[in-house]
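Data first, discussion second: the structure below is written as structure tokens.
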Amino acid sequence: MSMSKISRFTSKVVQLAKNAVGERGEVAAPEGGGGFAEYAVVSLHCLRVYLKKSYREALDLLNEMPQILGEIGRVKADLPDHSTLVKWFDRIKTALWRVLLRLSAQLHGPSGHAAIDATFFDRENASKHYCRRTNYRVQTLKATALVDTESRAILDVHCTTEKRHDTQLGWQVARRNAGDLASLAADKGYDWMDLREKLREEGVRPLIKHREFRPIDHAHNARIDGPRYRQRAMCETVFSTIKRTLGDAVRARTWYGEFRELVLMCTVHNIKQSLKP
């Protein structure tokens, strides 16, 4: 990974992190750590995901990159211990990561045409003891993403470890973003008349195929099958890009940590895409 690439990524991350944090200034660092601006903490976490490294490895690597640290406004001696960085990840609320995701999507100038789909990420836990103690049985995390079909930016993501139907999750994600959408494409897994009606009420054109039980279903599907509907494959493209470049497992120890990590991966994906020539 070239230095100039990392540098371009870092300057974009710092800018977005400052906007996301707003004027909240310093975040309290653990005892004796001194003040550490919250945007800098957010930037370090984005770099950790971008570099595909553990907390410890990421900090070791950044120690060798004074130029990158300078862009975050830190110097070598300032870098926190990896355990401190872990604690900060727990403290930063999911709402802030969501704001960061929204800002990263806006780098692409969303088109209003989106697709929705779900995929699974492995939940990779080092400690078997932890799994037993917390009754940690679910091996995968289901992520439902809303993707802008023209820019391939991720507009929103929802995570769950429960078995919930796609249609319910689809509506939850669509409702949050309805004001920004002109159309929403989805496969037959999202076939639910109520979902189509609710979308229309919000002014969003549903491009959702019907499961084919009757001739009329075939007719409906033939009418939907245009270029906009076919763009829904973008979701799969985006998921496979994330898994290939950022990893197909979440490593945080708590379910809320895993959700945050996934939102962070989507944000990093958006920023990387925005830097492509």
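Here is a check on your reading of the model: is LEU169 over 20 Å from SER111 (Cβ atoms) and of a type outside the set (Asp, Glu)?
Considered against the rule, which asks whether it is over 20 Å from SER111 (Cβ atoms) and of a type outside the set (Asp, Glu), LEU169 comes out as yes.
Quick one: in the stretch 169-217, which of the residues that are among the aromatic types (Phe, Trp, Tyr) and within 23 Å of the chain's Cα centre (by Cα) is surrounded by the most Cβ atoms within 10 Å (Cβ to Cβ)?
Across the stretch 169-217, the extreme among qualifying residues is TYR190.
Please enumerate the residues belonging to the stretch 51-61 that are within 13 Å of MET3 (Cα to Cα) and touching a helix residue (DSSP H, G or I) at 6+ places or on another chain (Cβ under 6 Å).
Listed by number, the list holds a single entry, LEU51.
Within the stretch 144-213, considering only strands (runs of 3 or more DSSP E) that don't extend past its boundaries, which have at least 2 residues that are within 13 Å of ALA118 (Cβ to Cβ)?
Passing ranges, in order: 154-160.
For ALA95, are the conditions met, namely being open to solvent by 50 Å² or more (accessible area, probe 1.4 Å), of a type in the set (A, V, I, L, M), modelled with pLDDT under 95 and under 18 Å from the mean Cα position of the chain (by Cα)?
yes
Looking at the stretch 218-235 only, could you name the residues that are open to solvent by less than 60 Å² (accessible area, probe 1.4 Å) and outside any helix (DSSP H, G or I)?
GLY226
With the checklist (1) assigned to a helix (DSSP H, G or I); (2) surrounded by fewer than 22 Cβ atoms within 10 Å (Cβ to Cβ) in hand, flag the one item PRO277 doesn't pass.
Status for PRO277: all satisfied but (1).
The values are calculated or read from the model by the stated rules, or taken from the named source; none is laboratory data. This is a predicted model, so every value here is computed, not measured. We place every Cβ from the backbone using ideal geometry, glycine too, and count neighbours over all the protein chains shown. All accessible areas refer to the heavy atoms of the entire protein, side chains included, with ligands and DNA or RNA removed. Shrake-Rupley method; radii C 1.70, N 1.55, O 1.52, S 1.80 Å.
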